[in-house]
């Protein structure tokens, strides 16, 4: 029994407390993260990132695009997003970037240098007016231009909720196809950051996933963020692009310098396996990667298939269903609370599609059904130990 | 008397001056201080009368205001230091430079009046009667914090103090609602609803204005104009930067928010105005924050260091009030120094107290979500084994 997982709540809490006393949750995004039971954890050690030229050459997504050998530059996710914005503005003279504080680079520095390079007519600050930002962007998009809006934190997107849900998502439908907000992309930093508390940590993807007409995308890495963002900006539907803010600096890859797009609505199989399918997206994938490593070490012969959803809406049912038909087991994990979280939709659809193939109930490891806490972040987040326990329970069912 | 007071203050924190405000202020032995402030301290919009420029108050009250400004500044300095020492996590917004507003407002109202403000709330939390140690403990995520450590910097509350609100502008319509209850109860009290120059551009601020004027609610809208909405200067964010005129048909007054005397007088005037059935009023208080928007903003990328230094040296609310107090010749330098020392002692002691407070129990993760836990037997945690049973 590894010390990160224990059978009872009591034991688990005890173990977890002693573990976090020295390590802390956010350390898995820290280069100095200590190994857990011999497994090197965290983004810095992740095999999911292409940090070397060989890594880039072996990157399946880049191979599919035929750019695995193109020239690359070391970038973190913040820089690759900046690069995507730069390319979109270079290739589309109608593209504009706006939001709170973006002209001096934005609070996370994702829009740095854009105002200098493209001028104040194409990259500019807005007042603090989220509903206004979204509505303005819809107008820009409806008039045929490319609107790239930033909502400073995903937690601030709710004043813009009406505009996004009622106006952006439904414009094509309610005008019989005459108008649309297809040129609108709303970028917003989301998910936990280690200390964000109530209003700087939420994962609102499930709210938007309930809205036909929207596309919801969440990247996990610099290479992927660039390709998916360029794809989102050029996509003819309004896109909510939620960036796991904890990865802005912690996730570093050699990113192709060229202009490339990754397909939306398509999941990526990050690691093939035969005994259980594990589905996640965004920063949660690094937690799942480590949980899987521990499972495969503790239960020799067991292999887990890890799938990155990439696009939350419309989601890639086929890839997940094919995988579950092969493995017979499914665990889904996200930071958002469990009740009505996106894992619920996946579980419902897969239990329907794969009912006769399922060997165990579908497992979900999610944020607790509580507001996102300040002081209890590490007791809220679905961490390595909780994911390990759930995968194990599903395998041993 | 003040020296005796200093011991009491240390023992009972913020509560000491509650007593002095209620009683000692009217003691016959207390000296009355007279101040004259510049007529430019106020500019009106759709209003004939303006607050007084000849201001009288007891020496006890004046020294109380001075002391509280010192406490608020030192509280923010302690928060700054604790943040940099990684004792505080999360987002933290300091009001250094803006102390005249919370302290001046509290001096102009009573505890029956309500206050609701934005995320820059530490000063208001203190003047509304929450101890500095509870504020620091909240910042540090401790059990003795004002919100049990569950909120942090932006989420602090107190008696008739409705927070501490993190979403920009969201508190302003709440202020109208709170004012409605004052009117409904006919209790003669009003609501002070504060927001910043950045929040002034949020649509719901205008929705709140309309409701308040439509129903003549006893609410004083106060725009703390510190010149920058996060990193954007007000002129680059607002087509009309005369925030006191933005209530349209609602009368407004621009107030020198770096002068605590003007703030106190404008609030007294506005309370009288709005509780006498004349409806809402919009005050713009021009002020300045010395630090960045939050701890992650150095505050120097969108303005010059010279500008900050200039404001500190020419307009500091504490230094300015100190000069005025000394000019009365009823207050000595030593008296003020003693108060400064007291404020420092209070914050030092509060810091120790806050740090000694334990982290909250993990079960608190699941409390305060719904009112009636009896109909909700349990709440789901991350995995089934972590289900919390009430």
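Side notes on the structure shown:
- Shielding by other protein chains, B:142-151, mean Cβ within 10 Å: 3
- Taking all Cα pairs closer than 8 Å and separated by 6 or more residues, the relative contact order of chain A comes to 16 percent.
- Selected from A:106, A:367, A:280 as most flexible by GNM, with chain A as the system and alpha-carbon contacts under 10 Å: A:106
- When Rg and Dmax are taken over the Cα atoms of the protein assembly as shown, they come to 28.2, 91 Å.
- Cα convex hull of chain A - mean projected area over all directions, nm²: 18.7
- Note on the range B:242-364: Rg/Rh from Cα positions, Kirkwood definition for Rh, rounded to two decimals, is 1.08.
- Unit Cα scatterers, Debye sum, the range B:184-225: log10 I(q)/I(0) for q = 0.35 Å⁻¹: -1.23
- Test item: B:229-238 mean partner chain Cβ contacts at 10 Å: 5
- Computing Rg and the Kirkwood Rh from the Cα coordinates of the range A:150-197 gives a ratio, Rg/Rh, of 1.13.
- Prolate/oblate/rounded call for the range B:2-359, Cα gyration tensor, a/c under 1.5 rounded: rounded
- Here the range B:361-383 and the range A:223-286 have alpha carbon centers that stand 34 Å from each other.
- Peptide A:124-134 shows a mean partner chain C-beta count of 6 within 10 Å per residue C-beta.
- The Rg/Rh ratio for the range A:53-256, using Cα coordinates for both the radius of gyration and the Kirkwood hydrodynamic radius, is 0.96.
- Just checking the listed ones, A:348, A:168, A:141: in the Gaussian network model of chain A with Cα springs under 10 Å, the one fluctuating most is A:348.
- Relative to the dominant Cα principal axis of chain A, helix A:284-298 is inclined by about 20°.
- Going from the fewest other Cβ atoms within 10 Å to the most, the residues A:283, A:180 appear in the order A:180, A:283.
- C-alpha long axis of helix A:317-327 to longest principal axis of chain A, angle in °: 10
- With the largest listed first and rounded to whole Å, the semi-axes of the equivalent ellipsoid of the range A:227-359 from the Cα gyration tensor are 26, 19, 14.
- The calculated FRET efficiency for the pair residue B:54 and residue B:323, based on their C-beta separation and a Förster distance of 22 Å, comes to about 0.80.
- The mean sequence separation of alpha-carbon pairs under 8 Å and at least six residues apart, normalised by the residue count of the range A:266-396, gives a relative contact order of 29 percent.
- Mean residue ellipticity (222 nm) of the protein assembly as shown, computed from DSSP H runs ≥ 4 via -39,500 (n - 2.57), nearest 500: -11500 deg cm²/dmol
- For the range B:206-293: rounded, prolate or oblate by the Cα gyration tensor [a/c cutoff 1.5]: oblate
- The order of the peptides B:106-114, B:293-301, A:37-45 by mean Cβ neighbours within 10 Å, most packed first, is B:106-114, A:37-45, B:293-301.
- Ordering of A:154-165, B:254-265, A:372-383 by packing [mean C-beta count within 10 Å, highest first]: B:254-265, A:372-383, A:154-165
- Per residue, the average separation of C-alpha pairs within less than 8 Å and at least 6 apart gives the range B:166-224 a relative contact order of 46 percent.
- Highest-first arrangement of B:77-83, B:322-328, where packing means the average Cβ count within 10 Å: B:77-83, B:322-328
- Rule-of-thumb Rg ratio for the range A:169-307 [Cα; 2.2 N^0.38 Å; N residues]: 1.20
- Ranking of B:363, A:188 by count of other Cβ atoms within 10 Å, fewest first: B:363, A:188
- Ranked list, fewest to most other Cβ atoms within 10 Å of each Cβ, for B:37, B:101: B:37, B:101
- Cα gyration tensor, the range A:266-341 - rounded (a/c under 1.5), prolate or oblate: oblate
- Of B:284, B:61, B:335, the residue with the greatest mean-square motion in the GNM of chain B, using alpha carbon springs below 10 Å, is B:335.
All of the numbers you see were taken from the coordinates with simple rules; none came from a lab. All values derive from a computational prediction rather than experimental measurement. Please note: Cβ atoms are built from the backbone with ideal geometry, for glycine as well, and neighbour counts cover all protein chains shown.
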